[in-house]
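The values are calculated or read from the model by the stated rules, or taken from the named source; none is laboratory data. All of these numbers come straight from a predicted model, not from anything done at the bench. Note that each Cβ is placed from the backbone with ideal geometry, even for glycine, and that neighbours are counted across all protein chains shown. Side chains included, ligands, DNA and RNA excluded: accessible areas come from the protein's heavy atoms. Shrake-Rupley method; radii C 1.70, N 1.55, O 1.52, S 1.80 Å.
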Amino acid sequence: MKKQFWIMVKQFLLYLLLDQGVAVILMIPLVIYGAIQGYKGEAMQDLLTTSSGALCIMIMCSILTITVFLKKRYVRLRPGRIARTDWTRAAGYAVLIAWGWMFTEAALLQIVDVDSLFPQEEEHFESMLKLFANPLGLIAGGILAPIVEEMVFRGVLVGGLLRMRQKPWVAIVLPALVFALFHGTFTQIVGTTIFGIICGWLYWHTKSLLPGILVHIVNNTTAFGIAVFSDDPNADIPMIYCLLFLVICPPLLAIGLRWYNKNAPTQQ
């Protein structure tokens, strides 16, 4: 058990090095460029988070992380307990799960008015909207980031804890909390934790990272689409829509989870 713990820690630290550390090093030329151009404050932040140069660096680091983790077989992308003939339906139900939780969370956040509780985080979400305004943001944040995060937080952490013979709920919930904390905002910490639990359950139940990756990509790319095509992504959701989401979306989530529960039976 102790050996497996240190293996898990080593792999997580490698993720931090490849996906975060390398990015910091590659950002140095951008910092120098920004300083020469006289960028300060928000302008410098945008250069280092949402510019095409920064997004290209994020993309390269994500590809590097995915390549290393797959080559070393720290994680594997395989169908697990889902029959190959079921993967078309599996993808469809992954969409239901993603939209079911995404719009339920959005409605609850709007009703509770969480933004007013943490107004200091408004700048973070404005930065995310700028990220999605760049087509490279779709690749970096909509596709590659979900793959990396599912490989690490579910494949490495959930998988590592399960191999340490932790109870499934412990192996699922603890990485979900770490996943939420890594997103760095109080506004969505509860929702991100629940999202992590959903993806963790899918991984544990199906023995495959693919369903969680599908759910995660649909979630992020839907956010990208809303940011790009909405006239005002920051606008409040009308209360009638919030209530409609709360009526329609939780059943979609339940239908998707029920399909996976039925079509990938857990082997105790």
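Tally time: how many residues in the stretch 193-212 are within 16 Å of residue 263 (Cβ to Cβ) and open to solvent by 10 Å² or more (accessible area, probe 1.4 Å)? First the steps, then the outcome.
First, pick out the residues of the stretch 193-212 that are within 16 Å of residue 263 (Cβ to Cβ): 201-208, 210-212.
Pick out the ones that are also open to solvent by 10 Å² or more (accessible area, probe 1.4 Å) and you get 201, 203-204, 207, 210.
Counting residues in the stretch 193-212 that are within 16 Å of residue 263 (Cβ to Cβ) and open to solvent by 10 Å² or more (accessible area, probe 1.4 Å) gives 5.
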### Task
Have a look at 190, 178, 215, 228 and point out the one that is modelled with pLDDT of 95 or more, surrounded by fewer than 23 Cβ atoms within 10 Å (Cβ to Cβ), in a helix (DSSP H, G or I) and hydrophobic (A, V, I, L, M, F, W, C).
178
### Query
Has the stretch 70-77 got any residue that is among the charged types (D, E, K, R) and open to solvent by less than 30 Å² (accessible area, probe 1.4 Å)?
no
### Task
Could you figure out which of (1) out of contact with any Ser or Thr (no Cβ under 6 Å at 6 or more places or on another chain); (2) crowded, with 16+ Cβ neighbours inside 10 Å; (3) on the phi < 0 side of the Ramachandran plot isn't true of residue 183?
(1)
### Query
Does residue 66 satisfy the condition of being surrounded by 13 or more Cβ atoms within 10 Å (Cβ to Cβ) and modelled with pLDDT under 95?
no
### Query
Given the structure, is residue 93 touching a Phe, Trp or Tyr at 6+ places or on another chain (Cβ under 9 Å), farther than 30 Å from residue 248 by Cα and either surrounded by 12 or more Cβ atoms within 10 Å (Cβ to Cβ) or small (Gly, Ala, Ser) (or both)?
no
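In this structure, does residue 111 turn out to be over 30 Å from residue 206 (Cβ atoms) and free of Cβ contacts under 8 Å to residues at least 40 places away in the same chain? Break it down stepwise before answering.
On the way: over 30 Å from residue 206 (Cβ atoms): yes; free of Cβ contacts under 8 Å to residues at least 40 places away in the same chain: no.
In short, no.
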### Check on residue 185, over 23 Å from residue 74 (Cα atoms), in contact with a helix residue (DSSP H, G or I) (Cβ under 7 Å, 6 or more places away or on another chain) and not in a helix (DSSP H, G or I)
yes
#### Entry: Residues of the stretch 24-70 satisfying the condition of being of a type in the set (Ser, Thr, Tyr) and within 21 Å of residue 12 (Cβ to Cβ)
62, 65, 67
### Message
Looking at 145, 140, can you tell me which residue is among the small types (Gly, Ala, Ser) and over 27 Å from residue 86 (Cα atoms)?
### Response
140
### Message
Return the pair list, or none, for Cβ contacts closer than 8 Å from residues in the stretch 234-260 that are touching a residue at least 24 places away in the same chain (Cβ under 8 Å) to residues that are of a type in the set (D, E, K, R) and open to solvent by 50 Å² or more (accessible area, probe 1.4 Å), at least 6 apart or on different chains.
### Response
234/126; 259/89
